[in-house]
Structure formats: structure tokens, C-alpha cells
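The values are calculated or read from the model by the stated rules, or taken from the named source; none is laboratory data. Model, not experiment: these values are computed from the prediction. Glycine also receives a Cβ, built like all others from the backbone with ideal geometry; neighbour counts cover every protein chain displayed. Just the protein is used for accessible areas: all its heavy atoms, side chains included, with ligands, DNA and RNA removed. Shrake-Rupley method; radii C 1.70, N 1.55, O 1.52, S 1.80 Å.
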Amino acid sequence: METTRPTSFDDPRIVALRATARRHVRERIEPHGAAWEEAGTTPHAVYRELGALGLLGHCHAAGFGGSDLGPIASVAFAEELSASSFGGVAEAVLIHTDMSSTHIGHRGSAAQKRRWLPGIVSGELICGIAVSEPEAGSDLAAMRTTARRGADGWVLNGVKTYATNAVHGDLMIVAARTDPDAKPSRGISLFIVERGTPGLQVRPMARKLGLHSSDIADMVFTDARLPEDALLGELHGGFPAIMQNFQDERLVLGAMAVGMGRKALELTLAHVKSRRAFGATLWNLQATRQRLAMLAARQQAVKALVHDTAVRVARGADCVREVSMVKALAGETVQDIMRDCLQLHGGAGYMSDCPLERLTRDARILTIGGGATEVMLEEVAKRLDKEAFQ
Ligand SMILES: Cc1cc2nc3c(=O)[nH]c(=O)nc-3n(C[C@H](O)[C@H](O)[C@H](O)COP(=O)(O)OP(=O)(O)OC[C@H]3O[C@@H](n4cnc5c(N)ncnc54)[C@H](O)[C@@H]3O)c2cc1C
């Protein structure tokens, strides 16, 4: 029987997914997150547990074990994971589900899908993506890593950077130039690179500001040998594929901001209602109430934009403008929420055993990764016309 993807957050399948994810976060992630932050990685068992609950397959077809629930599920899942207050876990898992393996689902051959997707959906395999380079971040067209045909496959040379999941992952989707003379939009291809590929060195990067429970590495390719069938999708078709995938990624990054903002506001409301100063609680101060009320309104507005955009995407609309608005507005608003919520926690908010301290550090990536705010605003500006305000 053919099933249709949900187009509403009230769809019973989404309500059930959210409830399952929320319970799992409370019972299996929150109690252990601090230890994973120390260890610098999200253990493989976390993926297997999420896979067993059917939470890793919303982007993939039922034939490979997925639920194929689509963008509404992506947003609901990202919100719940991010509301754990462990952004590193959310980052590691969402890159696997929504930002990398989606390339295999969208443009893999039948053989590639059969080989990789069941393990990705069950959590047996961990996936990541490596497009950024030391000289090519916002400007991906400047990428220099090359892939040329060798005797029995492909030979890669170059350096990828900031590759999340590269240290502990099993496969990475890697972009490289396959036609150095062509315009980047027509000369880049994607490859599936397995852990242990000869000629690939994975170099863990320095400790980062936040997201401590997700690993991150440089990937150095020196005449690295890939089999013929490592090519993913059309030869030279990588650039448009990356741009298309960015739409899913940016919506999910917006949902991460919503989840983190929700948690910060919940924690702060509880704090100001119990913390006493000047003979009453902080909540008794009008300035506190009004500050939180405005933050709550902004959080609600961002959530409404993220949900509205997810519904449009689920209905198949072209939403580059709205997705770019989501990424810019959600990423910036959550910074204000974190700053004010930390302020309302006083000294306690500055200490590393306070979730607000971690949330503030983790949320900082949301104006940078997956398209900096300024780059997103350019995408919006290019698409501003009278219709945009209707
Ligand atoms: C924790 C973390 C995880 C990451 N994970 C991955 C991953 O898994 N895979 C991957 O491929 N990459 C990953 N990245 C890379 C990330 O996507 C890039 O950092 C991001 O795209 C920005 O590129 P850049 O760092 O080179 O900044 P730059 O391109 O050097 O830009 C620096 C700043 O310049 C400004 N700027 C840039 N362009 C414009 C413009 N057009 N107009 C106005 N201002 C502008 C912005 O303020 C921007 O933040 C990760 C990065 C981090 C920090």
C-alpha cells in the first residue's frame, strides 16, 4: 500500500515520532550526555538505539528500512534531539540522518542504496559529509580537492576540513573536482568514501567552542584510491546536488535552533521563578517578566516560520527563499535567547555544570555552519519581490 508523507505537525505519525524521541532523550540521552561531552564523541550505541526505535529513517524509503516521513519528521526529530541540551549529540545524529546520507537516498544507484541505506537506517553505519575545505567554506565553488580516473577507479587528492563524524564514521560523502577546467557548477562530483580508504588520513581537529560530543576532523587525501562505484550520482553533477541538499540541511538547522531555544526558555522560566533576590523571586521583577515574554514571542515566531516552511517543503514547493530566511532568522534569534537566558541565570549560568552554559556555546554554530547568516540573507535578497510580502 502506498503511503503519503505527512504535511502537518498534527499528523499522528509525527505526534508519535515526537513522543518517542522525547522519551528517548529524557531516558537515554540526558543522563549520559555530559560523559559523551567529556569523551568528545557520541557513542555508536546511540545510533543503534535510535535506529531500533525507527528514528533514523525518516529520509529513506521503506524498502531500505526507512519510514520516509520526510521534512516534517526531520524538523520534529531535530527539535526533540536539540532540546536535550546536548547540541553535539544532535549535530552528530542529524548530520547522519538529514545532511549526508540523504545524498545516497536522492541520487545513489540501486546497488549503492541496497549496500548502504539499511545500515544507515539501523544505526549500524555512521555517515557524514565533507564539502568544506581550508580555502572554501562559504564559497564552495573555490574547492580544490580533485578526483581523477585511475586504472581501476578514482584517485583523490586534497584536504577537506570541519568534517563532522569523520573520526568515528563509517562512510563520508566527499565532494571533489572531476573537471578542473569546467565551471565549478559543472565540474564537481560526489563520492562515497569508506573508513580505511588507502591514501586517506583522518586528522582530528582542535577542541571546539561547543558541540563537544560530536567529533570533527580534517580529511587529507594523498593519491587516495576509491573503487569505480564510489561515484555518487551524475559525474560532474555534485554542485547542484550539494545546493539541493542544503535545503534539507538548513531547515533542520533552523529546527535545531527551535529545540535549543525551547530548552533554554524552559530552564530559565523555572530558574527565575525559584531564585530569590531583594525579598522575592526574580520573576517578581517586571523587567524579568517582560524580557522573558518577548523572548517567548520571538521563539514562537521562529518556530512558526520553521514549521510553515517545513509544510511548504513537504508539499513540494520551491522554498529557497523561505529556507534561507529560516536559517538566518532562527540562527540569529537563538543567540539572543541564549544571551538573555544566561544573563537571567546570573553567575550560575556561567558555570560549566549549568546546561545554559553548554547551550550558549553549542548554539553559536547556528549562525555559521551550513551557510553563514550573511550568505543566507543574500539568498533571501536575490528573491525579494512584491510577492514576498503577500
Ligand atoms: C562545528 C562545525 C561543524 C561543521 N561541520 C561540517 C561538516 O560536517 N561538513 C562540512 O563540509 N563542513 C562543516 N563545517 C563547515 C561550515 O559549514 C563552514 O564553517 C561554513 O560554511 C563557513 O565557512 P568558513 O568557516 O570557511 O567561513 P568563511 O567562508 O571564511 O566566512 C567567514 C565569515 O565571513 C562572512 N561572510 C562569508 N561570506 C559572506 C558574504 N557573501 N557576505 C557577507 N559576509 C560573508 C560570514 O560572517 C562568515 O561567517 C562545520 C563547521 C563547524 C565550525
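Just a few scattered comments:
- The residue that is nearest to residue 203 (Cα to Cα), among those in region 143-153 that are in contact (Cβ under 8 Å) with a residue 40 or more places away in the chain and open to solvent by 10 Å² or more (accessible area, probe 1.4 Å), is 150.
- Output for region 154-164, where each listed residue is surrounded by fewer than 22 Cβ atoms within 10 Å (Cβ to Cβ) and within 11 Å of the ligand (Cβ to nearest atom): 161, 162
- The residue list 213, 324 contains one member that is part of a loop (DSSP other than H, G, I, E, B), open to solvent by less than 20 Å² (accessible area, probe 1.4 Å) and either within 16 Å of the ligand (Cβ to nearest atom) or in contact with a helix residue (DSSP H, G or I) (Cβ under 6 Å, 6 or more places away or on another chain) (or both), which is 213.
- Of all residues in region 17-32 being more than 20 Å from the chain's Cα centre (by Cα) and assigned to a loop (DSSP other than H, G, I, E, B), the one that is surrounded by the fewest Cβ atoms within 10 Å (Cβ to Cβ): 31
- Filtered residues of region 101-142 (kept if more than 18 Å from the chain's Cα centre (by Cα), more than 24 Å from residue 202 (Cβ to Cβ) and not hydroxyl-bearing (Ser, Thr, Tyr)): 107, 110, 111, 113, 114, 118, 139, 141
- Qualifying residue in region 340-348 (condition: under 15 Å from residue 258 (Cβ atoms), away from the ligand (no atom under 16 Å from the Cβ) and assigned to a helix (DSSP H, G or I)): yes
- Residue within region 144-152 that is out of contact with any Leu (no Cβ under 6 Å at 6 or more places or on another chain) and within 16 Å of the ligand (Cβ to nearest atom) present: yes
- Helices (runs of 4 or more DSSP H) contained in region 33-140 and holding at least 2 residues within 16 Å of the ligand (Cβ to nearest atom) and either charged (D, E, K, R) or touching a helix residue (DSSP H, G or I) at 6+ places or on another chain (Cβ under 9 Å) (or both): 33-39, 71-82, 87-94, 101-107
- Candidate set from region 254-291 (those that are open to solvent by 10 Å² or more (accessible area, probe 1.4 Å) and touching an Asp or Glu at 6+ places or on another chain (Cβ under 8 Å)); member that is farthest from residue 85 (Cα to Cα): 291
- Qualifying residues in region 357-390 (those that are within 11 Å of the ligand (Cβ to nearest atom), of a type in the set (Val, Ile, Thr) and assigned to a helix (DSSP H, G or I)) - the one nearest to residue 325 (Cα to Cα): 373
- Residue under evaluation residue 167, criteria (1) under 30 Å from residue 152 (Cα atoms); (2) buried (at least 24 other Cβ atoms within 10 Å of the Cβ); (3) within 15 Å of the ligand (Cβ to nearest atom), criterion not met: (2)
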